[in-house]
Each structure stands twice: as C-alpha cells, then as structure tokens.
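*Asks:* Dumping the structure here so I can ask a few things about it.
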Amino acid sequence: MEKPHNLLTWSEIKQQYPNQWVVLIEVEWPDMGEISRGVVFAHDTNHARVLEKQRDLKSAAILWTGKKRGLSLFTAISNDVDL
C-alpha cells in the first residue's frame, strides 16, 4: 500500500497525477462543490485497481484528474455500513 502524502490543492493533485484516478482522504470539500484539497492515498490509471487500493478505507473520494468527458467522473465511498 502506498504511503499517504501531504495535503495538496486540487490543482496540485491534477498536476502531479495527470490523467489518473486518485483516492483522496482528509478531503476539504466546501458545500459538496469542487474539491479544494485532499491527501492522495493512492492513484492509478486503471479504475478497478484504484478501487482495490481503497477497499479498507472507511471513507474516501475517488476522482479522475484528466479531461472530463460527459458526466462528472467522481465517486465518494463510505465503508461504514453494517450488513
């Protein structure tokens, strides 16, 4: 598992991880609008691999850093559900 990095702005994340899926923790997300900052927990160009990397987290945001095509490409997850 990758070691989480420092808190980065969304612009810094897009610049450091271009055209990749990023798993963000400690997300600053004012009014559920645009992400302002977060800590990159994991990243990958493959969506399935990045989902596997986040599976043990209680909550995270998964976003695509590349050009958006169609609907917004973002997933917020919470694994705090008792079944």
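The values are calculated or read from the model by the stated rules, or taken from the named source; none is laboratory data. The model shown is predicted, which means the values in this text are computed figures rather than measured ones. Virtual Cβ from ideal backbone geometry, glycine too; neighbours counted across all protein chains shown.
*Asks:* Would a scan of the range 4-22 turn up a residue that is in a loop (DSSP other than H, G, I, E, B) and modelled with pLDDT under 70?
*Replies:* To start, the set of residues in the range 4-22 that are in a loop (DSSP other than H, G, I, E, B) comprises 4-6, 17-20.
Then drop every residue that is not modelled with pLDDT under 70, which leaves 4-5.
Yes, some residue in the range 4-22 is in a loop (DSSP other than H, G, I, E, B) and modelled with pLDDT under 70.
*Asks:* Every residue in the range 28-37 that is in contact with a Ser or Thr (Cβ under 9 Å, 6 or more places away or on another chain) and either more than 17 Å from Gln15 (Cα to Cα) or of a type in the set (Gly, Ala, Ser) (or both), please.
*Replies:* Of everything in the range 28-37, those that are in contact with a Ser or Thr (Cβ under 9 Å, 6 or more places away or on another chain) and either more than 17 Å from Gln15 (Cα to Cα) or of a type in the set (Gly, Ala, Ser) (or both) turn out to be Glu28, Trp29, Pro30, Ser36.
*Asks:* Follow-up question, since we're still on this one. Determine whether Val39 is free of Cβ contacts under 8 Å to residues at least 60 places away in the same chain and assigned to a strand (DSSP E or B). Steps first, answer last, please.
*Replies:* Numbers: free of Cβ contacts under 8 Å to residues at least 60 places away in the same chain: yes; assigned to a strand (DSSP E or B): yes.
Taking the combined requirement at face value, the residue satisfies it.
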